[in-house]
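Contents: one structure, followed by commentary.
The values are calculated or read from the model by the stated rules, or taken from the named source; none is laboratory data. Being a predicted model, the structure only gives us computed values, none of them experimental. Here the Cβ positions follow ideal geometry from the backbone for every residue, glycine too, while neighbour counts run over all protein chains shown.
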Amino acid sequence: MKRIYLATISIMSIAVLSGGVTAAATPILQGNTENEVDFIPGEEEEIDVELPEKEPEVEIDPIDPEVIGPFTLVHVPKRFDFGTQVISTGPGKSAMFAELERLSDGSGTAPYVSFAQVLDTRGGHNGWTLNVDLDQFTSTDATSNHELRGAYIEFQNPQIRSNALDPATFPTAPSNQFNHQTIDVGTEGNTLMSAAPGQGAGLSTVQWGDQTLLNQQHAAGEEDILNEAIWLHIPTGANPQATAYTATLTWHLSATPGN
């Protein structure tokens, strides 16, 4: 310790004799590191359906497994089956049978909510619109081609889901004061989900149905379980024939942003 002390005094003496005193340096207590990351559209991303409900565990394929991003329809309902109805002179309505999806464990199928899903990884956050066209319900009797005039499909209580962290960026589903939306036969451009600029990035889903109720009915062993969020309405005077009727809902995804 004594030798170190003497060496320090010696250095200070040299500094004084040379005509100046060395000032102590100011300590640096803060520094900055710049960060940067670049993103490009997800053009090579393989598409998987993101299940809107976790139970039951099911497997649902995208519309086309070969299609990749960055902007595409991932899934739409496969079939609306409104069952068998008794002909009446008055108005009628019927809920659809819940769609059946494959259980992941291979044990069969289970009723599941109906939903449509959109992928948008373009990176512009420019918005989009999902519309449907509904053509006429036409009889399968080739000799008559009878149509169900005035029929319409009613969608009740749409639920929006998104993998976005900010709810303000979720898309929206139009509905009336009762949270319902109707699609008349023979109409086009009916919006079922839309994203305004700043909304709709990532995976967005609109779904119809109460999965908890469907699970309870399935666990109880009920058959022909209904999804009471989607209804077919037949007006007075439609006068259906004693045969099956079919119609097609055509889904269109447009880059035009919603309002």
Checklist outcome for this item: Exactly one of A219, A238 is modelled with pLDDT under 95 and of a type in the set (A, V, I, L, M), and that one is A238
Checklist outcome for this item: Cβ pairs under 6 Å, 6+ apart or interchain, first in the range 24-46 and touching a residue at least 60 places away in the same chain (Cβ under 8 Å), second charged (D, E, K, R) and surrounded by 10 or more Cβ atoms within 10 Å (Cβ to Cβ), ordered by first then second residue, are P41/R122
Checklist outcome for this item: In the range 49-61, anything without any contact (Cβ under 8 Å) to a residue 24 or more places away in the chain and either in contact with a Pro (Cβ under 6 Å, 6 or more places away or on another chain) or surrounded by fewer than 18 Cβ atoms within 10 Å (Cβ to Cβ) (or both) is listed as K54, D61
Checklist entry - Within the range 117-135, which residues are more than 26 Å from F39 (Cβ to Cβ) and buried (at least 17 other Cβ atoms within 10 Å of the Cβ)? => result N131, V132, L134
